[in-house]
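Here is the structure we will look at.
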Amino acid sequence: MDYILGQYNYWVVIVLMMIGFYIVIAHGNLVKKLIGLNIFQVSVFILFISLGYLKGGTAPIYSEAYTAYASPLPHVLILTAIVVGISTTALGLAIVVRIHKSYGSIEEDKIHMMDQDS
Amino acid sequence: MVWYVVLAVSWGTLLSAYQLLMQVLEQGEIIYFLGGWAAPWGIEYRLDILNAFVLMIVASIGAIVMTFAKRSITKEIARDRVYLFYTAYLLNLTGLYGVVVTGDVFNMFVFIEISSLSSYAMISLGRERQALMAAYRYLILGTIGATFFLIGIGFLYAMTGTLNIVDLRVRIQDLEDTRTVITALAFLTVGISLKFALFPLHAWLPNAYTYAPSVVSAFLASTTTKVYIYVLLRILFSIFGTTFVFDIIALDWIFLASALLAIFSGSITAIYQNNIKRMLAWSSIAQIGYMILGISLVSVTGLLAGIIHLFNHAIIKAALFMCMGCIFYRFDSVQLSDLKGVGRYMPWTMAAFIIAGLSLIGIPLTVGFISKWYLVMAAIERDWYWLAFAVLAGSLLAIVYIWRVVEVTCIQSAPAKDHPEARQPHMKEAPLSMLIPLWILVIANIYFGINTELTVDVARQSAEWLLGFK
């Protein structure tokens, strides 16, 4: 029981990662694929942050009352990764806007059919 | 004009890369602490011989392709977007340089993403609308690959507490039989293999290279895959070490299988393509198979073959894609059926294509022969004669698809031949500003095929150095 409840964070990570990955693969709508990609990336962020947790630790600002300080490095890494994720999503959505202008549709199978016909 | 600035920047960085390579060859590693913070708390930039070599490859291709780009993109990129192309090009160069030079694993991830995002943007600048779907597909698959890479970094950080490559090597020695580290290796390998299009993970490459503007194809085909193979070498050898990766986990068999499948499926699919750029894209997948084949043999000769093929393939593919850029500039098409007898009007371009094609096949006196030679030598060292035959069979397949192009363009006669009045004014040789960079690469093909001292020496030193990490 402790294995499941104690490691709750990591189970969430696994579930989110699989959901995100499934959405990318299974859905044909280009925007939904990007949402799936985002969920996939968010699961990785939660993984990193969970790794950075220190029981009884506090923020790394010196204080008399605490002896354990959590390392700020994982959080910094995640901030950077979030920014990278934002840029990727923005670029993906920009490409989807242009696809919509060119094809009139954002469903992958319709676009594929239009390419086959031309 | 924007082009002059970008040209000055790319040639300037080429000079710096050359000086750095010379310095590393004389003095050994160069270490630089960013912001003055010493490793492992700060990010360090570390240039050893492998780094400096790959840096030189990226810088020279970047500079030569930029010289070629000025006229080529007038035909392929809308005029109001040209400045965006130059911006994305410089960002991509920055990202690639950063990946090569850095000694910190997370810094590598950030630069990988910088270069990937700018390459998605550059591919979407292509003229046909299929370029957009190609860029989108590359974005999805590339981001999945980078996220896997990030997961691998996370696990390594969780086990060792450091992100510095040298420090990771030291700390990981005791931890190598833990499940976390093995999983980290798996995620890192799969993530980066997606990025350089190793056989089953290559789905994005054909469309991306076909529909991108010719300059972008020339640049991406010659640099990005090489840099990501360098990242693979860095992870497998400098962090994990040969004993763990190849003796315990036996990753070399997986790479061997993927490489052979890549070589044969890539070459055979290339034979059936009508679009010459798509043919060159599938040929690239096969050539990446050759590089991974060399790496999977885990011997000095094998690694030497893999590393030197990084350089050789870069100059071969850049020259071939630049030929296609010249042809597209004049004839507005890269479909083989539209290009009958083109050789008559563009003799210099087709001569360059023939020489680069011979190099791709691996004819002696060209640079492609050197990589094939060392691959066969590495196979024979292990008494794997079947592998030597496989390498030669791949070259035979390359002869087929190169010969198809040569036959249609140079031997078949142009439709306008019998009707001289049908010859239109655009049917002439490509402009000099495009021919000169192309021929610089072609002459480099021949020069480095004859005088192999520098490249083989550098590659051998890198191979020996990498194999020193037990």
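With contacts defined as alpha carbon pairs under 8 Å and 6 or more residues apart, what's the relative contact order of chain B in percent? Spell out each step's value before the answer.
Working: 790 pairs, mean separation 72.5, N = 470.
Rounded, it is 15 percent for chain B.
Spin-label pair B:A250-A:D109: with each label point 7 Å from Cα along the Cα-Cβ axis, the two points sit 4.1 nm from one another.
DSSP loop (so not H, G, I, E, B), at most 11 other Cβ within 10 Å: list which chymotrypsin sites (Phe, Trp or Tyr not before Pro) in the stretch A:1-54 pass both filters.
Working: sites: A:Y3, A:Y8, A:Y10, A:W11, A:F21, A:Y22, A:F40, A:F45, A:F48, A:Y53; in loops: A:Y53.
Within the stretch A:1-54, the qualifying chymotrypsin sites (Phe, Trp or Tyr not before Pro) (loop, at most 11 other Cβ atoms within 10 Å) are A:Y53.
Calculated FRET efficiency, B:N451 to B:E429, Cβ-Cβ distance, R0 = 30 Å: about 0.55 to the nearest 0.05. Whole angstrom only: what separates the Cα centroid of the stretch B:261-336 from the Cα centroid of the stretch B:441-467? When both Cα centres are located, 18 Å separates them. Each part gets one Cα centre, and for the stretch B:85-141 versus the stretch A:1-24 those centres are 31 Å apart. Axis of helix B:179-195 versus longest Cα principal axis of chain B: the two differ by about 10°, to the nearest ten degrees. Note on B:Q27 and A:V76: the model spin-label points, each 7 Å out from Cα along the C-beta direction, lie 2.8 nm apart. For a 30 Å ceiling on Cα separation, which of these pairs sit above it: B:K75/B:K226; A:K33/B:K340; B:K277/B:K428; B:K70/B:K195? With Cα atoms farther than 30 Å apart: A:K33/B:K340.
Taking all Cα pairs closer than 8 Å and separated by 6 or more residues, the relative contact order of the stretch B:79-157 comes to 27 percent. Structural descriptor for the stretch B:256-323: relative contact order 30 percent, calculated from alpha carbon pairs under 8 angstrom and at least 6 residues apart. With only Lys, Arg, Asp and Glu charged, each at its Cβ (+1 for the first two, -1 for the last two), find how big the charge dipole of chain B is about the Cα centre; round to the nearest 20 debye. For this selection, approximately 1420 debye.
Ranking B:V82, B:I43, B:Y374 by Cα position along the charge dipole of the protein assembly as shown, where only Lys, Arg, Asp and Glu carry charges on their C-beta atoms, puts B:V82 farthest toward the positive end.
If only the Cβ of Lys and Arg carry +1 and only the Cβ of Asp and Glu carry -1, the dipole of the protein assembly as shown around its Cα centre is close to 1500 debye.
Of the two radii for chain B, the radius of gyration is 0.97 times the Kirkwood radius, both from the alpha carbons; that is the Rg over Rh value. Around the amide H of B:N275, modelled in the peptide plane, lie the amide H atoms of B:L336, all under 5 Å away and 5 or more residues distant in sequence or on another chain.
Each label point was placed 7 Å from the Cα along the Cα-to-Cβ direction; for B:L365 and B:N274 their separation is 3.6 nm. Which FRET efficiency value, to the nearest 0.05, is calculated for B:Q173 and A:I35 with the Förster distance at 51 angstrom and r the Cβ-Cβ distance? Step by step, r from the Cβ atoms, then E = 0.75.
Each other residue within a Cβ distance under 14 Å of B:A388 adds +1 if Lys or Arg and -1 if Asp or Glu, for a net charge of 0.
Ordering A:I4, A:T80, A:V31 by the projection of their Cα atoms onto the charge dipole of chain A, which places +1 on the Cβ of Lys and Arg and -1 on the Cβ of Asp and Glu, puts A:T80 at the extreme positive end. The residues packed around B:M159, meaning those with a beta-carbon under 15 Å from its beta-carbon, carry a net charge of -1 if Lys and Arg are +1 and Asp and Glu are -1. Taking Lys and Arg as +1 and Asp and Glu as -1, the other residues whose beta-carbon sits under 10 Å from that of B:V245 total -3.
Bear in mind that the values in this text are calculations on the coordinates, not laboratory data. Quick caveat: nothing in here was measured; it's all calculated off a predicted structure. Note: ideal-geometry Cβ built from the backbone for every residue, glycine included; neighbour counts use all protein chains shown.
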